[in-house]
Amino acid sequence: MFAGHWFFGLRAGSGRACATAADFAACAARARWAEAGAVLVGPVVLVAVAAGFYLAGPAVTRWRHVITGVPVPADTALRREVAALAAAAGLRRPPLIELAKKQEPFVYGAWPPYRLAVPVPSVQNVVNHAPLDLALLAHEIGHARSGDATRHGAVIACWRASLLVVVVPIAVDAWRLLPMAGAAVPQLTWRLLVVAAVLFLAVLSTGRAREFEADARVPAGGPAAGQPAFDRTSALVAAIGSRRYRWWHFAPSPARRLAALADPALRSRPAWHDAAVAGVAAGLLGTELSLLVELAFPANAWPGYLTAALVTAVPAIGALGLPPGLSRWRVAGLGLLFGAGLLAGTQLAPRASADWWRTFPAAGGRAAQLSLLAATPVTAAAIAGAALLLGVAVTGWAAALARHRLVIWLVGVPLLGVPLAAGLLAVRLAAGSGWSPGVLVGLLLTPARQVPLIVVVTAAAAALLLGHRGASSSPGEPSRQPVVRRVPAVAALWVLAVLAIVVHPSLGAAVRTVRASAPRWDSVPPPATTNAAYACFWVNHLGPAGLPGPAEVTGLGRVGAFLSTVDDLPLRRAAASLAGPGGAGTTDRRQAADALDLVLARCDSLLSALDRPLPKRTA
């Protein structure tokens, strides 16, 4: 999505489109949706290119690694042997056999029936039932049985498409704009490179997971094609041990594969870097989605952020599918890495590279400042601590209910999504306003946002308490925690919910104190002029934090009275809404919020022509 925003939003200067429009409100609404449609061009192009890579993948593989694309006839001994192996693995449609140039067999294809490429030297060995070659062949049949060739091909295609459509074009175009964009260019470039590296790590993780799955599907023994039984697992162990390994290989190291064969529980144990990659991916996806979905809610950013966070939480919770029996220290470590990844993902997002309104003054309404380097150190540290706490809490909760996958999906998605929405919005507010942690908490934990938080925490606590029921104490399986040992975890969850109610009202004074120290409408008098540009310079000086809030009736009346005299029709219309029927200030908070948004958007549009951007209102 950032690629579409870069070329059709930031670079196109969509913020200047309505500067001279007669009906500014209607023009701004059309421009907002046009910008959203333009931003969606990026994902559409990415999907189209990825689909092209995916569909062309089998042909490229056949050209590079296959001697001939004509399948081996069905009446040959090799086909009969493969059919027997496929039947033993439970595969209804055996793969088509081709002769390969590579020295080991492999499965490829976009969809079933897949193609199995067998090296020429292995053909006779398979027919003669050589254990080593039969074990490798059975491993490839496991790939066909699980259907992972389709998933792996799709992942590879998406990674290649992201390099071609996003990383390379934006980096090249950014360096072309170095004289204008300045320091934003290197900041954007290294973020793109890190994102590409994270995507590559995700590709490696999926590739290594499919190898574990294929190893697990190799039968432990039994007759093949009517021949005497042999121990295929032992043969597979010998084959794995003879392979060379490099860290960039899609297959895991021989040591890990051998350990997983010896202890099947290791296959489902997540690696440390997998938790970090999952967190980074969630942070990136949530940041991108929230700035797009919020366009559907122009008067209030919270519904857009909540929707985007819930969508992001679905794959994130899937990545946190932890197996039973993990130690507390390992779960805590995975949670810390996941939480750190969430925070890193928000800062690795290309949107956090710069203050885009200063780099591109005529940019549209989605050019937010997201870098926590622009926030106060205390606020940035508080957000980082909250991200780590969220990661540990959600990961620990999921590990405690590891045997209840459905409950993890149903309750875990909102349990992660609601706090994640608040965190994403907190990052944006902290980076763009410089507010303290107390002010952020007071602004974010409004009654409308407390309700979903309390509901999901209550559901999570209930699931944690009731999770001990229905446990099956099968031999060799660790017993479930007694209820009394779950009480501290439940109490911790409730403390978070109670803080939302008890602490929030006490922060009102802190909010007023911090706001009073910044330029405010009642401390900086407006200029004695009717010129709209000078009036917008005053608004620009105050910023969103310096204007009266929707509940400050007196301030709304004064700002409305001043703007009612300027020589700009959209600002006078907004002034009428702020002043209300009697001119003393409107008491309709929704009307006040809409009018303040109109003032900010209109002044941004006017000042963009003067290369003087105005920070946008985000809450």
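The values are calculated or read from the model by the stated rules, or taken from the named source; none is laboratory data. Please read these numbers as outputs of a predicted model, since none were measured by experiment. Counting neighbours? That spans all protein chains shown, and the Cβs are built from the backbone with ideal geometry, glycine included. These accessible areas exclude ligands, DNA and RNA; they are computed on the full protein's heavy atoms, side chains included. Shrake-Rupley method; radii C 1.70, N 1.55, O 1.52, S 1.80 Å.
Worth a mention:
- Residue satisfying all of: in region 94-104; over 14 Å from Arg79 (Cβ atoms) and touching a residue at least 24 places away in the same chain (Cβ under 8 Å); least open to solvent (accessible area, probe 1.4 Å) among these: Ala100
- Filter result (closer than 16 Å to Val218 by Cα and either in contact with a Phe, Trp or Tyr (Cβ under 6 Å, 6 or more places away or on another chain) or crowded, with 20+ Cβ neighbours inside 10 Å (or both)) within region 120-137: Val126, Pro131, Asp133, Leu134, Ala135, Leu136, Leu137
Each row is one residue, and each column tells you yes or no for (1) surrounded by 19 or more Cβ atoms within 10 Å (Cβ to Cβ); (2) modelled with pLDDT under 80; (3) of a type in the set (Phe, Trp, Tyr).
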position: Gly560; (1), (2), (3): yes, no, no
position: Val566; (1), (2), (3): yes, no, no
position: Ala576; (1), (2), (3): no, no, no
position: Gly582; (1), (2), (3): no, yes, no
position: Thr587; (1), (2), (3): no, no, no
position: Arg590; (1), (2), (3): no, yes, no
position: Asp597; (1), (2), (3): yes, yes, no
position: Leu607; (1), (2), (3): yes, yes, no
position: Leu610; (1), (2), (3): no, yes, no
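- Boolean, Arg160 is at pLDDT below 85, of a type in the set (Lys, Arg) and open to solvent by 20 Å² or more (accessible area, probe 1.4 Å): no
- Which numbered condition Arg572 misses (of (1) touching a residue at least 12 places away in the same chain (Cβ under 8 Å); (2) more than 19 Å from Asp522 (Cβ to Cβ); (3) of a type in the set (Lys, Arg)): (1)
- Residue, farthest from the chain's Cα centre (by Cα), within region 178-192, restricted to residues that are farther than 23 Å from Gly345 by Cα and without any contact (Cβ under 8 Å) to a residue 60 or more places away in the chain: Pro179
- Among the candidates Ala144, Ala110, Ala117, residue that is touching a residue at least 40 places away in the same chain (Cβ under 8 Å), in contact with a helix residue (DSSP H, G or I) (Cβ under 6 Å, 6 or more places away or on another chain), surrounded by 16 or more Cβ atoms within 10 Å (Cβ to Cβ) and of a type in the set (A, V, I, L, M): Ala110
- Residues that are within 14 Å of Val66 (Cα to Cα) and either over 41 Å from the mean Cα position of the chain (by Cα) or not small (Gly, Ala, Ser) (or both), drawn from region 93-113: Leu96, Ile97, Glu98, Leu99, Lys101, Lys102, Gln103, Glu104, Pro105, Phe106, Val107, Tyr108
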